[in-house]
1. I'd like to verify a number: residues in segment 336-351 that are open to solvent by 80 Å² or more (accessible area, probe 1.4 Å) and either touching a strand residue (DSSP E or B) at 6+ places or on another chain (Cβ under 6 Å) or assigned to a strand (DSSP E or B) (or both), how many?
2. So how many residues does segment 292-330 have that are in contact with a Cys (Cβ under 6 Å, 6 or more places away or on another chain) and either closer than 22 Å to Phe251 by Cα or of a type outside the set (A, V, I, L, M, F, W, C) (or both)?
3. Between a residue in segment 362-376 that is open to solvent by less than 60 Å² (accessible area, probe 1.4 Å) and any residue that is part of a helix (DSSP H, G or I), which pairs come within a Cβ distance under 6 Å, given they are 6 or more apart or on different chains?
4. Can we say Arg296 is more than 30 Å from Pro350 (Cβ to Cβ), among the basic types (Lys, Arg), in a strand (DSSP E or B) and open to solvent by less than 50 Å² (accessible area, probe 1.4 Å)?
5. Would segment 182-192 turn up any residue that is of a type in the set (Val, Ile, Thr), open to solvent by 70 Å² or more (accessible area, probe 1.4 Å) and out of contact with any His (no Cβ under 7 Å at 6 or more places or on another chain)?
6. Kindly provide the set of residues from segment 260-292 that are open to solvent by 20 Å² or more (accessible area, probe 1.4 Å) and among the acidic types (Asp, Glu), ordered by number.
7. For segment 215-253, which positions are within 24 Å of Asn131 (Cα to Cα) and either in contact with a His (Cβ under 8 Å, 6 or more places away or on another chain) or charged (D, E, K, R) (or both)?
8. Here's a check for you: in segment 119-144, which residue that is open to solvent by 30 Å² or more (accessible area, probe 1.4 Å) and among the polar types (S, T, N, Q) is nearest to Lys248 (Cα to Cα)?
Amino acid sequence: MSDWTSGYVAEVDYTHDFFQEMTPAVMALAATSKGQKHNLTQRDLSYCELGCGQGFTANLLAAANPHIQFHAMDFNPAHIAGARDLAAETDLDNVHFYERSFADFEQEDSLPKQFDIIALHGVMSWVSQENRQHIVQFIRRRLKPGGMVYVSYNSLSGWASVMPLRRILQDRAAQGTGPLEDRIVEALSFAGNLEGAGAKFFKANPIACTRLEKSQQMSANYLAHEMFNADWTPFHFADLAGDLSQAKLSFLGSTSILDHVDDICLTPDQTAVLEGESDPVQRENLRDILVNEQFRSDLFVKGGRSHTERGAIGAWFETPLALMQRYSGGPLKLSWRQGEIALDPAQYGPILEALQSGPATVRSLLDQGAFGQMTWGEISRLLRLLAGSGVVAPCLPLDGITERQARCQAFNLAVCKRAEDSETLRFLASPVTGGGLQLDRVELLFLLAYGEGKAQPTDWADLAWSILSAQGQRLQHEGRVLVTPEENLALLQARAAAFAARRMPLCKSLGLIPAAPEAARAAPASAHNTVRAA
């Protein structure tokens, strides 16, 4: 391990994931849900991501939000080189990548003086105390008054009993030789042997057993960055909040909107405990204990400003929403910390039916009568449930949709073309939501075929199989690897037909692709009819 890594894993690449919570529209909804004012829907915002990894989230957000300037840094030169390649390939001129450490990032003279948003996903728990101080000082100097910080991190409550397991794995891997991936696999096997030998630690800590079992099913690349860095700190909320208070930050709320609804997270007795605590920091500490929180994704604000009661409702009224799942009128089943959530079809059905025609503001849905006779408390609770579970998503105003479509579709074409060689990239950018939608490699190949003008699902299956078969790839079905070309092609054809019926309409309504393959061939920049005004 060389000195420039500061103990962070560099020999194994980080994953190319997209994190929906980092979408500005999602942050805006979280602030609205908590009754907080924000400026996240304004134009000409500046957004900084610290520790951007492969930079895929920054690139996707830049494609979907051309009105925002994105600046992203990471210490790993391979990550930055790859991120710049994707940005150049898709002509993204509003994202800028920097190969810097936390200690020297402020020396970059091309940075804006201050930012509206600073985001850190999976950083604070995995860097040293020294680097955390560099981060806090950067935020203190570079975040605008009224600006927001997104930060995600491991919570001590859920990880306390697992910390000895992490140490066992790390120490065992450090004793080995060879590639880190192989040493991780061997360390997991060693820990499994300890459990099999009747180690009392595992008997006394069943959560550690569950974590070990899950880890054995995860990729070594993910585990390398999750559990095998030199620094690994699960936080007591008060400690992290105390560090961020040095930058004049105060806690706004979780970006997990479902956690804004107490009755689906806590029992009545637990709710009573929280209601007895007036201090907001201590309240979060207690909440972590009550739900045994493992991972937090939080928003902090520099100079929080609360709406009046009327203003808070008005902010909800102006929030546009889009449907994120196919809705056929059947029952909708959601679950969260307390299990299944009871929902009334008579309440959610008219909302989802109205959104099938395109995005709409809450005010527009109200004017259409989609909320029936519900009170505002019932309406706002239901909207939190639908948004928090991913059934609907906050979205961007219709103004500017044409430019966003052209940029997103260019970005998405590049992602689909990369699916010819690998399954590394798995998200496409939406000009409607300003965020992303996850698809698997086969679905991306179907969209690639569609973009080449192939309108029939059978043609999509043919193209996918021509690529997969040339690489020696075979599909699995019901736990069995399909051997013959006929079996593989038949499964691809079935998947293509299902995709055409269920997912393709969603891809079109979210603006991921042009509305018709002819448009894809002729003029992708002018395809602007995938979103209808509310």
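1. 2
2. 1
3. These pairs meet every condition: Val362/Trp316; Val362/Phe317; Leu365/Ala354; Ala370/Pro350; Ala370/Ile351; Ala370/Ala354; Phe371/Ile379.
4. yes
5. Scanning segment 182-192, I find at least one residue that is of a type in the set (Val, Ile, Thr), open to solvent by 70 Å² or more (accessible area, probe 1.4 Å) and out of contact with any His (no Cβ under 7 Å at 6 or more places or on another chain), so the answer is yes.
6. Within segment 260-292, Asp262, Asp263, Asp269, Glu275, Glu277, Asp279, Glu284 meet the criteria.
7. Glu226, Asp231, Asp239, Asp243, Lys248
8. Looking at the filtered set, the residue picked out is Gln137.
The values are calculated or read from the model by the stated rules, or taken from the named source; none is laboratory data. Keep in mind the model is a prediction, meaning the values are calculated, not measured. Don't worry about glycine lacking a Cβ; one is built from the backbone with ideal geometry, like all the others, and counts go over all protein chains shown. SASA here: full protein model, heavy atoms, side chains in, ligands and nucleic acids out. Shrake-Rupley method; radii C 1.70, N 1.55, O 1.52, S 1.80 Å.
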